[in-house]
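Report on the structure given below.
Read-outs: derived from the displayed coordinates by stated rules, not from any lab. All of these numbers come straight from a predicted model, not from anything done at the bench. Here the Cβ positions follow ideal geometry from the backbone for every residue, glycine too, while neighbour counts run over all protein chains shown.
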Amino acid sequence: MGKVHVKMTVNGQEMETLAEPRELLIHVLREQFGMKGPHIGCETSHCGACTIDMDGKSVKACTVFAVQAESADITTIEGIGTPDNLHVLQAMFREHHGLQCGYCTPGMITRAYRLLQENPDPTEEEVRFGMAGNLCRCTGYQNIVKAIMAAAAEMNAAKEAAQ
């Protein structure tokens, strides 16, 4: 079987490509669409370095075929904030040093982005449980949890101030 035409929205921009039926979404995002934020880690869904947001859910892009993303709405770390305009999660990861080597950080932030949409005021235990599918070999997680809790507090304060 030949390549299949696939169309999806990535970070608000409609994109299309030809993909092999068994080609993983992570490879299409990185190699064809130039999204270098989602990283290739274990390619077995254990580490979460490839975490993206797809149709309102956290997804590990190494477990999805590109053809399964037909018509999907995808957000990668590149769509969450920019170096000049950081999302509050990115700012809190920086402020609370929620990273060391940084390899897992895009997946961590992307997962935390969805977690805080699902639960805007999580407890520390809920954050730890919600982030359990994303692994970090460097930090020991404490500062990641602090960063997510601080982002939640700041986002909630901004929401209250806007009302």
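So which helices (runs of 4 or more DSSP H) are wholly in the stretch 76-163 and hold at least 3 residues that are of a type in the set (S, T, N, Q)?
105-118, 142-162
State which residue is farthest from Ser58 (Cα to Cα) when the search covers only the stretch 82-126 and only residues that are among the aromatic types (Phe, Trp, Tyr) and in contact with a helix residue (DSSP H, G or I) (Cβ under 9 Å, 6 or more places away or on another chain).
Step by step, filter the stretch 82-126, then rank; the result is Phe93.
Within the stretch 59-71, is there a residue that is of a type outside the set (A, V, I, L, M, F, W, C) and part of a loop (DSSP other than H, G, I, E, B)?
The answer is yes; a qualifying residue exists.
When the residues of the stretch 1-37 are filtered to those that are acidic (Asp, Glu) and part of a loop (DSSP other than H, G, I, E, B), which remaining residue is surrounded by the fewest Cβ atoms within 10 Å (Cβ to Cβ)?
Only one residue fits best here, namely Glu20.
Could you check the stretch 38-52 and list, in sequence order, the residues that are within 13 Å of the chain's Cα centre (by Cα) and buried (at least 21 other Cβ atoms within 10 Å of the Cβ)?
Matches in the stretch 38-52: Pro38, His39, Cys47, Gly48, Ala49, Cys50, Thr51, Ile52.
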